[in-house]
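Participant: Provided herewith is a single structure, encoded as structure tokens, for subsequent inquiry.
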């Protein structure tokens, strides 16, 4: 299954009773397995879970820690980029050149990379002791 089809399919499972804004995400791991996630809201905003975070959690729960492709789809006028927190989560598990496709249910798409979504990203190199 293509990442676009997987993201489109899982989007239908989103739990978005408050915003009515369903988002689906699909990622391909380094082993080639596709993991999906959808947004899950709850009444105590902003305590919900983003689609990208759900897909990453599924990948990590399966024992994988590297992703090689990302697709995110939403029913919106233009492609919706991941929130700041999800950009950092994607950067944790992907190289800067990993392709990201942002799409709408109407067929619009924007192709970018994890590095373009989060330039100057914070990474483990920032945490080393310089002494």
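Participant: Of the residues 103, 96, which is closer than 19 Å to residue 11 by Cβ, surrounded by 12 or more Cβ atoms within 10 Å (Cβ to Cβ) and more than 11 Å from the chain's Cα centre (by Cα)?
Facilitator: On the way: 96 fails: closer than 19 Å to residue 11 by Cβ.
That would be 103, the only listed residue that is closer than 19 Å to residue 11 by Cβ, surrounded by 12 or more Cβ atoms within 10 Å (Cβ to Cβ) and more than 11 Å from the chain's Cα centre (by Cα).
Participant: Follow-up question, since we're still on this one. Looking at the range 37-44, can you tell me whether even one residue there is in contact (Cβ under 8 Å) with a residue 40 or more places away in the chain, touching a strand residue (DSSP E or B) at 6+ places or on another chain (Cβ under 8 Å) and part of a strand (DSSP E or B)? Steps first, answer last, please.
Facilitator: Let us first name the residues in the range 37-44 that are in contact (Cβ under 8 Å) with a residue 40 or more places away in the chain, namely none.
Among the residues of the range 37-44, not one is in contact (Cβ under 8 Å) with a residue 40 or more places away in the chain, touching a strand residue (DSSP E or B) at 6+ places or on another chain (Cβ under 8 Å) and part of a strand (DSSP E or B), which makes the answer no.
Participant: Those residues that are within 20 Å of residue 65 (Cα to Cα) and loosely packed, with under 11 Cβ neighbours inside 10 Å, I need them from the range 106-122; list them, please. Step through it out loud before you land on a result.
Facilitator: From the range 106-122, those within 20 Å of residue 65 (Cα to Cα) are 113-115, 117-118, 121-122; that's our starting set.
Residues satisfying the conditions do not exist here.
Participant: Right, next: Determine whether residue 80 is modelled with pLDDT under 95, closer than 16 Å to residue 113 by Cα and part of a loop (DSSP other than H, G, I, E, B). Walk me through it before giving the result.
Facilitator: On the way: modelled with pLDDT under 95: yes; closer than 16 Å to residue 113 by Cα: yes; part of a loop (DSSP other than H, G, I, E, B): yes.
Yes.
Participant: If only one of 47, 9, 64 is surrounded by fewer than 22 Cβ atoms within 10 Å (Cβ to Cβ), over 12 Å from the mean Cα position of the chain (by Cα), modelled with pLDDT of 95 or more and in a loop (DSSP other than H, G, I, E, B), which one is it? Spell out the reasoning first.
Facilitator: Values: 47 fails: modelled with pLDDT of 95 or more; 9 fails: in a loop (DSSP other than H, G, I, E, B).
Going through 47, 9, 64 in turn, the sole match is 64.
Participant: I would also like to ask the following. What number of residues in the range 12-36 are surrounded by 19 or more Cβ atoms within 10 Å (Cβ to Cβ) and not in a loop (DSSP other than H, G, I, E, B)?
Facilitator: From the range 12-36, those surrounded by 19 or more Cβ atoms within 10 Å (Cβ to Cβ) are 14, 22-29, 34-36; that's our starting set.
Still in the list and also not in a loop (DSSP other than H, G, I, E, B): 23-29, 34-36.
Of the residues in that region, 10 qualify.
The values are calculated or read from the model by the stated rules, or taken from the named source; none is laboratory data. The shown structure was predicted, so the numbers you read here are calculated from the model rather than taken from an experiment. Cβ coordinates were reconstructed from backbone atoms using ideal geometry, including for glycine residues, and neighbour counts include every protein chain displayed.
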